[in-house]
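Quick notes on the structure that follows.
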Amino acid sequence: MTSAYRQQSGSLRDLGKRRMNIDKSGADVPTPMRRLRSWLSRPACRSVSLTAASLLIGFGVWQFLSSFVFNPFLIPPPLEVFRTAIPMLKSGEILSDASISMIRVMVGFATGSLAGVVIGVLLGRIRLLHDLLDPIIELLRYLSPTAMIPIAVIWFGIGEMSKYFLIFWGTFFIVLINTTAGVWRAPVARQRAAACLGANRLQIFVLVVVPSAVPYIVTGMRVAMASSFMSIIPAEILAANSGIGYLLQQSSMLLQTNRIFVALLTICVLGFIVDRIFRLVVDKVLARYMSFVSQT
Amino acid sequence: MLRVHNVRKVFESARGSYVALDGVSLTISDGEFVCLLGPSGCGKSTLLNILAGFEPATAGNVVFGDAPVTGAGRERVMFFQDAGSALLPWLSTEENVRFALRVRKMPKADWPAIIDKYLEMVGLDAHRGKFPAELSGGMRQRLQIARGLAVEPDVLLMDEPFAALDALTRRRMHAVLLDIWQRIGKTVVFVTHDIAEAISLADRIAVMSVGPGSVITRLIEIDLPRPRDLTDPQVARLFTQIENLLAPDLIRSDERSDVH
């Protein structure tokens with residue numbers, strides 16, 4: 001990993017912007033087309049308008065396919081899905097299921113990340129502990145949360161606790177492994193330099209090694225967040241009486257494909273929003289820890 | 001005074017043991033600028049790590065003043081080639097120096113004056129708020145120097161600090177380093193594989209042989225005024241002399257890296 005990716009994408013955008021400007025050098029009479037072009041050349045507007053275009057195309061193709069190619073019962077057209085979604089939104093049905101699922105994800109994710117970071121840091125630092133626990137971790141990490149659903153239901157029932165446990169399970173190993181890798185890769189030169197300056201072992205650990213691991217920890221948490229979204233749905237399908245997964249399951253039993261599509265769209269939107277929030281928080285709070293000068 | 005007495009270093013690995021240093025002795029007086037010069041694989045960085053206390057010698061010892069060197073100590077500060085990894089990238093220029101003062105437990109009241117002094121000395125006072133990623137390679141190296149000087153060490157151990165810089169920046173850094181050294185009068189042990197660099201900087205050059213079993217083959221005093229012009233006949237003669245001295249070893253060094 002090298003220097004911040006944001007700078008790179010920024011400069012690429014600048015390049016695009018410059019090219020736009022060169023295109024338009026010449027007469028400076030603002031025609032509507034020209035105004036639109038100059039508006040589009042602003043990076044933020046460009047990204048927003050491209051996203052909107054992408055969504056419009058997607059929905060257009062979807063509408064076309066389900067109206068003219070496939071059976072609209074199997075693939076309900078988007079307009080139909082929105083028509084179904086409106087009463088579900090108004091009655092608060094979606095909101096309540098979505099928030100139940102989100103709370104489960106957040107509780108499991110937060111506790112799993114916390115435990116993963118704490119134990120990961122210790123394993124990264126204490127060689128003996130790592131060598132003792134690593135074989136077990138290497139075996140357990142292959143047990144996906146989905147594989148753990150049957151036993152989780154027996155242990156914790158179909159209530160909240162089993163969902164917390166399953167999300168925790170999925171998050172913990174991903175964050176743990178990334179944290180350990182990050183702690184290991186804290187540059188030796190950085191630690192030695194700190195030792196020369198007078199830092200004791202605890203200071204080197206807290207002030208040098210752990211901050212050096214932050215990019216790895218954040219990467220692990222982001223992957224774990226995506227995995228949490230994937231695990232909550234099967235957990236709710238198989239063993240729950242609320243949540244988006246439950247909504248999917250119920251609608252499927254009643255052959256309500258419209259409602260299934262509403263639930264699927266909800267998952268997409270929630271995942272997207274949560275990832276954006278995650279990135280925003282990282283950018284605001286952890287930005288200074290995220291840039292590498294070098295990692296040799 | 002820094003005394004290296006008959007230091008031997010053996011690395012043990014699964015493939016067997018490798019004798020890196022085989023009886024290196026050297027005495028460095030206070031305020032002296034010594035370059036350890038040799039081709040890659042001659043154990044000069046290993047020797048520097050032992051001087052810093054990062055690694056123990058297998059046999060022999062290093063004594064600084066009256067005390068044997070047993071670990072990293074603030075009287076001997078190491079400067080790494082890769083300043084980017086030695087610095088804390090999440091701290092600004094000023095905060096990196098402040099970090100040093102904090103772990104050094106300097107009285108807080110003195111911090112601003114010390115920070116000003118050393119950032120000014122390396123010419124970074126206009127870049128206090130920048131992060132290492134926003135600095136050029138030469139500036140990063142100057143920041144590493146300022147940070148190391150801020151804890152007021154007696155010995156500066158420099159491990160090819162300018163090797164990764166472009167030639168022009170490197171020459172400028174030589175001038176900066178010599179200027180600082182003449183002002184503060186600390187001992188400098190400077191590792192390099194660049195003959196010209198060693199000649200422009202050092203009071204004394206310790207030429208090391210290529211490993212396994214490296215030793216110091218020759219100590220060369222350079223009693224010429226600085227700045228030294230490489231086209232000066234005396235300097236040029238010295239350059240050729242050292243080049244001839246290293247030539248057989250360079251061939252051996254090549255052969256060694258072919259094997260690996």
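The values are calculated or read from the model by the stated rules, or taken from the named source; none is laboratory data. Model, not experiment: these values are computed from the prediction. Virtual Cβ from ideal backbone geometry, glycine too; neighbours counted across all protein chains shown.
Taking the condition within 11 Å of chain B (Cβ to nearest Cβ) and under 19 Å from residue A:119 (Cα atoms), does residue A:187 pass? Step through it out loud before you land on a result.
Working: within 11 Å of chain B (Cβ to nearest Cβ): yes; under 19 Å from residue A:119 (Cα atoms): no.
The answer is no for residue A:187.
Of the residues A:123, A:197, which single one is buried (at least 17 other Cβ atoms within 10 Å of the Cβ) and within 14 Å of chain B (Cβ to nearest Cβ)? Spell out the reasoning first.
Details: A:123 fails: within 14 Å of chain B (Cβ to nearest Cβ).
That would be A:197, the only listed residue that is buried (at least 17 other Cβ atoms within 10 Å of the Cβ) and within 14 Å of chain B (Cβ to nearest Cβ).
Given the structure, is residue A:138 surrounded by 13 or more Cβ atoms within 10 Å (Cβ to Cβ) and modelled with pLDDT under 95?
Numbers: surrounded by 13 or more Cβ atoms within 10 Å (Cβ to Cβ): no; modelled with pLDDT under 95: yes.
Taking the combined requirement at face value, the residue does not satisfy it.
What strands (runs of 3 or more DSSP E) completely inside the stretch B:156-251 contain at least 2 residues that are surrounded by 21 or more Cβ atoms within 10 Å (Cβ to Cβ)? Break it down stepwise before answering.
On the way: elements: B:187-192, B:204-208, B:216-221.
Strands (runs of 3 or more DSSP E) meeting the threshold: B:187-192, B:204-208.
May I ask you to verify whether residue A:219 is at pLDDT 95 or above, under 24 Å from residue A:109 (Cα atoms) and more than 14 Å from chain B (Cβ to nearest Cβ)? Before the answer, list the steps.
Values: at pLDDT 95 or above: no; under 24 Å from residue A:109 (Cα atoms): yes; more than 14 Å from chain B (Cβ to nearest Cβ): yes.
Judged against the criteria, residue A:219 is not a match.
Could you tell me whether residue B:189 is within 15 Å of residue B:42 (Cα to Cα), among the β-branched types (Val, Ile, Thr) and under 19 Å from the mean Cα position of the chain (by Cα)? Full working, then the answer.
Values: within 15 Å of residue B:42 (Cα to Cα): no; among the β-branched types (Val, Ile, Thr): yes; under 19 Å from the mean Cα position of the chain (by Cα): yes.
Taking the combined requirement at face value, the residue does not satisfy it.
Could you check the stretch B:61-77 and list, in sequence order, the residues that are touching a helix residue (DSSP H, G or I) at 6+ places or on another chain (Cβ under 9 Å) and closer than 17 Å to residue B:28 by Cα?
Residues of the stretch B:61-77 touching a helix residue (DSSP H, G or I) at 6+ places or on another chain (Cβ under 9 Å): B:62, B:64, B:69, B:71-74, B:76-77.
The answer is B:62, B:64, B:69, B:76, B:77.
Does residue B:14 qualify as being of a type in the set (Gly, Ala, Ser) and surrounded by 21 or more Cβ atoms within 10 Å (Cβ to Cβ)? Write out each step before concluding.
Working: of a type in the set (Gly, Ala, Ser): yes; surrounded by 21 or more Cβ atoms within 10 Å (Cβ to Cβ): no.
No: the conditions fail for residue B:14.
Could you count how many residues in the stretch A:183-199 are without any contact (Cβ under 8 Å) to a residue 60 or more places away in the chain and over 14 Å from residue B:86 (Cβ atoms)?
Count: 1.
Here's a check for you: in the stretch B:47-72, which residue that is crowded, with 18+ Cβ neighbours inside 10 Å and more than 14 Å from chain A (Cβ to nearest Cβ) is nearest to the chain's Cα centre (by Cα)?
B:47
With respect to residue A:209, determine if the residue is over 21 Å from the mean Cα position of the chain (by Cα), surrounded by 21 or more Cβ atoms within 10 Å (Cβ to Cβ) and either of a type in the set (S, T, N, Q) or more than 30 Å from residue A:98 (Cβ to Cβ) (or both).
Values: over 21 Å from the mean Cα position of the chain (by Cα): yes; surrounded by 21 or more Cβ atoms within 10 Å (Cβ to Cβ): yes; either of a type in the set (S, T, N, Q) or more than 30 Å from residue A:98 (Cβ to Cβ) (or both): yes.
So residue A:209 fits the description; yes.
What number of residues in the stretch A:239-296 are within 14 Å of chain B (Cβ to nearest Cβ) and among the hydrophobic types (A, V, I, L, M, F, W, C)?
Result for the stretch A:239-296: 7.
Among all residue pairs at least 6 apart or on different chains, which show Cβ distances below 7 Å where the first residue, located in the stretch A:200-216, is in the same structural domain as residue A:123 (by TED's automatic domain parsing) and in contact (Cβ under 8 Å) with a residue 60 or more places away in the chain and the second is surrounded by 20 or more Cβ atoms within 10 Å (Cβ to Cβ) and among the basic types (Lys, Arg)?
Pairs that qualify, where the first residue is in the same structural domain as residue A:123 (by TED's automatic domain parsing) and in contact (Cβ under 8 Å) with a residue 60 or more places away in the chain and the partner is surrounded by 20 or more Cβ atoms within 10 Å (Cβ to Cβ) and among the basic types (Lys, Arg): there are none.
Residue by residue through the stretch B:116-132, note down the ones that are surrounded by 19 or more Cβ atoms within 10 Å (Cβ to Cβ) and either within 14 Å of chain A (Cβ to nearest Cβ) or part of a loop (DSSP other than H, G, I, E, B) (or both).
Matches in the stretch B:116-132: B:118, B:122, B:124, B:131, B:132.
Determine, yes or no, whether residue B:85 is closer than 30 Å to residue A:210 by Cβ, crowded, with 21+ Cβ neighbours inside 10 Å, within 9 Å of chain A (Cβ to nearest Cβ) and among the hydroxyl-bearing types (Ser, Thr, Tyr). Spell out the reasoning first.
Values: closer than 30 Å to residue A:210 by Cβ: yes; crowded, with 21+ Cβ neighbours inside 10 Å: yes; within 9 Å of chain A (Cβ to nearest Cβ): yes; among the hydroxyl-bearing types (Ser, Thr, Tyr): yes.
Yes, satisfied.
Select, from B:160, B:221, the only residue that is over 14 Å from the mean Cα position of the chain (by Cα) and more than 23 Å from residue B:116 (Cα to Cα). Break it down into steps so the answer makes sense when it comes.
Working: B:160 fails: over 14 Å from the mean Cα position of the chain (by Cα).
One residue alone meets the criteria, B:221.
Consider residue B:148 carefully, then state whether it is outside any loop (DSSP other than H, G, I, E, B), within 12 Å of chain A (Cβ to nearest Cβ) and among the small types (Gly, Ala, Ser).
Working: outside any loop (DSSP other than H, G, I, E, B): yes; within 12 Å of chain A (Cβ to nearest Cβ): yes; among the small types (Gly, Ala, Ser): yes.
When the stated conditions are applied, residue B:148 passes them.
Please state which of the following conditions residue A:97 fails to meet, knowing it meets all the rest: (1) surrounded by fewer than 17 Cβ atoms within 10 Å (Cβ to Cβ); (2) assigned to a helix (DSSP H, G or I).
All conditions are met except number (1).
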